[in-house]
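Every number here is computed from the coordinates shown, using simple stated rules; none is lab data. All of these numbers come straight from a predicted model, not from anything done at the bench. A quick note on method: Cβ atoms are made from the backbone with ideal geometry, for glycine too, and the neighbour counts reach across all protein chains shown.
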Amino acid sequence: MTASALPGDLSTPFGILSPYCGSAVGPADLTGRWNLDPVLIVFLAALICLYAVMSGGEAARPPAWRRLGFHAGWLTAVTALLSPLCALSVSLFSARVGQHMLLTLVAAPLIALGRPDLVAGRWLAPFRSRPASDSGAAPGPVLAALSFAAALWLWHTPRAYAATFESDLAYWAMHLSLFGSALWLWTALLNPRRLPASLAAVFLTTGQMGLLGAIITFSAQPIYWPHAYTTAAWGLTPLADQQLGGVIMWVPAGLLFIIGLAAAFAEAMRRSETPSASELLPDRAL
């Protein structure tokens, strides 16, 4: 059997791949390819239960709209990691980019909206020798933007990208570094204390994502070889799939960060006109 005989065959001239999400999938089999990894399912369930426990106390409970945001972000992350999108991301580069965008531009800001940092800090406060700071200030929006940019560019270099198809460790290092830096960034943007730094972080992130998306979109040849034999079942050439992925990173990402910019600006203006809840009620504000 040759490498191109079946869309799910990942024996390529470059080596035999063993992706975390399994073999490549075709349209006929997609709906049955849910990720049922028990370790991941238990971990995700533990996260939502932990948030419910830590935010259950009167002193640590955020407003209902923030808790709703956290739950919506958690559900988005579950969808990105457990749904057939996981298997589709083995077949299509564009699906992998879509998975990244769901995690970093939808799940991360929604979870940041739930302020798990303050919830955890309040819940752990009785066990600390000194009271935790409750100012709600998120450190370093520019540093967070640089961290996110470094992770995004690293994992979209051809060799690092291919490594995520060869090693589960590399696969999860990719997701954790991208999601972790995105969560840090969105926590800073949605709770701004210094408007210039927040604006700089937004422009830096939008610019670097747009540049990377443009480079991928306008590349004259495919640069992500794990998809060299997996796109035909979806009616795409590897280059067309790559171009679609570049557009997914380039255009929607820019729109979402414009929304983030508007939210950061509105929040900064609100705080400049009215004393923040954390200043008036330091034991309650979230």
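Some values worked out for this structure:
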quantity	calculated
11 Å beta-carbon shell around R67, net charge (K/R +1, D/E -1)	+3
Zero-based 10 Å bins, Cα pair distances in segment 51-93, whole percents	25, 35, 21, 16, 3
Surrounding net charge for A188, when Lys and Arg each add one and Asp and Glu each subtract one, Cβ distance under 11 Å	+1
Phi-based couplings in Hz for segment 143-156 (Karplus 6.51, -1.76, 1.60; Gly and Pro marked x)	4, 5, 5, 5, 5, 5, 4, 4, 5, 5, 5, 4, 7, 10
